[in-house]
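Engineer: What follows is a single structure, and I will ask about it in a moment.
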Amino acid sequence: MARMSRNISLVISLLGLVAIVIGVVFVFEGVSKNNLILDRMNVEKVTLSLDPANPTQLTHIQNGADAQKAADTIATHRRAIAPSYQDLLGTGKFDPTNPIQLTYAQAMNLENYLYMAVTAFGLIQVVMAAGAFMIITGAALGLTGLVLFKIPY
């Protein structure tokens, strides 16, 4: 019986170690993907104004909330051109030589880029939270296994 209890405690400790390793991988991947998105936005010089009193002072996007604000601002400006893509085109086709239609299409592209960044930042937060939970759970399992191993039977 004592041998089986010790084996179970070792299995629990091993599962704890596996959970910690996987959790560290999740957190590392989350941080690296977050940095990648921020780096790409900095390379492309994606900025927004955070101070309505000073709209010429621009800052780089640092998180999902900034990306959401920038995308919503672009959407508002785009809808000032036309309420929808269908309204822009009417019964015709897209004309890339028409500066208004081209501006509208470019605004849609940038808006979509930013909304995808919002989604990515959110997913990154979920992955990092799951990783942190795995690390905590792994530590708890490891300690439980260690305590069970040291209990004399």
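All of the numbers you see were taken from the coordinates with simple rules; none came from a lab. Everything quoted here is computed from the prediction, not taken from an experiment.
Engineer: For the chain, what does the helix formula give at 222 nm: sum of -39500 (n - 2.57) over DSSP H segments with n ≥ 4, over the residue count, nearest 500 deg cm²/dmol?
Structural biologist: Details: 4 runs with 117 residues, N = 153.
After summing the helix terms and dividing by residue count, I get -27500 deg cm²/dmol.
Engineer: Name the lysines eligible as straight-distance cross-link partners of LYS33: C-alpha to C-alpha under 19 Å, and not fewer than 8 places from it in the same chain.
Structural biologist: LYS45
Engineer: Over what distance in Å are the Cα centres of region 120-144 and region 1-46 separated?
Structural biologist: Rounded to whole Å, the Cα centres lie 7 Å apart.
Engineer: For P(r) over Cα pairs in 10 Å bins from 0, in percent, which listed value, (i) 10, 39, 34, 15, 2; (ii) 11, 24, 20, 16, 11, 9, 6, 3, 0; (iii) 8, 29, 24, 24, 12, 2, comes from the coordinates shown?
Structural biologist: (ii)
Engineer: If the reach is capped at under 16 angstrom between alpha carbons, list the aspartates and glutamates near LYS93, excluding any in the same chain fewer than eight residues apart.
Structural biologist: Within the straight-line limit of under 16 Å, LYS93 reaches no aspartates and glutamates at all.
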